[in-house]
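First up is the structure itself, then whatever we jot down about it.
The values are calculated or read from the model by the stated rules, or taken from the named source; none is laboratory data. Note that the coordinates shown come from a computational prediction; the quantities given were computed from them, not determined experimentally. A quick note on method: Cβ atoms are made from the backbone with ideal geometry, for glycine too, and the neighbour counts reach across all protein chains shown. The area values use the complete protein model at the heavy-atom level, side chains included, leaving out ligands, DNA and RNA. Shrake-Rupley method; radii C 1.70, N 1.55, O 1.52, S 1.80 Å.
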Amino acid sequence: TSAGEAVAIKSDTKCNVLGRATWILEDRYVAGLYAADILICQSACLANSSCLSYSYRDGTPDDENCIFYSGLVDYRNSFVIKDPLSNTRFSAKFPQDGSDFCY
């Protein structure tokens, strides 16, 4: 996608879950980095063998806005507290459809 273009989002229970991490997921922290957009965050997770899920929120270059976790994110489990007003999006490395992308 080009700058300013909307990013396509899959309709999957393991993709784009708005909310905040519970302590259970926070205990599974692997790494954090700055990512200019959610596609870069997703690609960085794919390249990290320890990353099973990731979160992304808009940030600045001095901010870790892309976080990797070794736990699986799913809106139905206890890893993320759903909050539709949150600006943090949680996604699994491998959604339920068997692919390796949510965006």
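Looking across region 87-103, just one residue is touching a Lys or Arg at 6+ places or on another chain (Cβ under 6 Å) and small (Gly, Ala, Ser), and that is 92. For residue 65, are the conditions met, namely being farther than 14 Å from residue 94 by Cβ and either among the polar types (S, T, N, Q) or touching a residue at least 24 places away in the same chain (Cβ under 8 Å) (or both)? Considered against the rule, which asks whether it is farther than 14 Å from residue 94 by Cβ and either among the polar types (S, T, N, Q) or touching a residue at least 24 places away in the same chain (Cβ under 8 Å) (or both), residue 65 comes out as yes.
For residues in region 41-74 being open to solvent by 80 Å² or more (accessible area, probe 1.4 Å) and among the aliphatic types (A, V, I, L, M), which is farthest from residue 87 (Cα to Cα)? Before you say what the answer is, go through the steps one by one.
Narrowing region 41-74 to residues open to solvent by 80 Å² or more (accessible area, probe 1.4 Å): 47, 49, 58, 61-62, 64, 72.
Restricting the remaining residues to those that are among the aliphatic types (A, V, I, L, M) gives 47, 72.
On the way: 47: 24, 72: 19 Å.
So the residue we want is 47.
Suppose the filter is out of contact with any Ser or Thr (no Cβ under 6 Å at 6 or more places or on another chain) and loosely packed, with under 14 Cβ neighbours inside 10 Å; does residue 31 pass it? Criteria not met by residue 31. Within region 4-22, being open to solvent by 80 Å² or more (accessible area, probe 1.4 Å) and either assigned to a strand (DSSP E or B) or not hydrophobic (A, V, I, L, M, F, W, C) (or both) holds for 4, 5, 11, 20. Are there any pairs with C-beta distances below 7 angstrom linking a residue in region 34-45 that is within 17 Å of residue 63 (Cα to Cα) to a residue that is open to solvent by 60 Å² or more (accessible area, probe 1.4 Å) and of a type outside the set (Ser, Thr, Tyr), with the two at least 6 apart or on different chains, and if so which? From residues that are within 17 Å of residue 63 (Cα to Cα), the pairs are 34/61; 34/64; 38/89; 42/101.
Quickly run through region 48-90 and pick out the residues that are closer than 14 Å to residue 32 by Cα and of a type in the set (A, V, I, L, M). Within region 48-90, 52, 67 qualify. Every test in (1) open to solvent by 20 Å² or more (accessible area, probe 1.4 Å); (2) in contact with a helix residue (DSSP H, G or I) (Cβ under 9 Å, 6 or more places away or on another chain) is passed by residue 90 save one, and that test is (1).
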